[in-house]
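Below is one structure, written out as structure tokens, with a few remarks after it.
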Amino acid sequence: MDRIAHLLHGRRDRRRAATLRLCAARIRFDRSAAAVRRAARDHIDGHAVAGTRLRMALARLLALAGTG
């Protein structure tokens with residue numbers, strides 16, 4: 001009986017350890033997914049800034065060409 005109790009306790013410990021590893025993996029995945037979303041937003045925002053600067057430069061060039 002003692003051996004069966006020991007085996008069951010071992011299974012419970014392994015199951016708990018597996019559950020904890022799975023939870024930790026989910027947390028790491030959620031954090032990395034959030035980091036990817038932030039990086040994507042930053043990338044898109046960077047393109048928006050570059051596009052605005054290019055439009056401003058083009059407007060200045062057109063204004064200079066119109067007056068020159």
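A few notes on this one:
- Among (1) modelled with pLDDT of 90 or more; (2) among the basic types (Lys, Arg); (3) exposed (fewer than 10 other Cβ atoms within 10 Å of the Cβ), the one test that residue 3 misses: (1)
- Qualifying position, being open to solvent by 100 Å² or more (accessible area, probe 1.4 Å), modelled with pLDDT under 90 and in a helix (DSSP H, G or I), among 21, 11: 11
The values are calculated or read from the model by the stated rules, or taken from the named source; none is laboratory data. This is a predicted model, so every value here is computed, not measured. FYI the Cβ positions are ideal-geometry reconstructions off the backbone, even for glycines, and counts take in every protein chain you see. The protein model used for the area step is the full one, side chains on, heavy atoms only, and it has no ligands, DNA or RNA in it. Shrake-Rupley method; radii C 1.70, N 1.55, O 1.52, S 1.80 Å.
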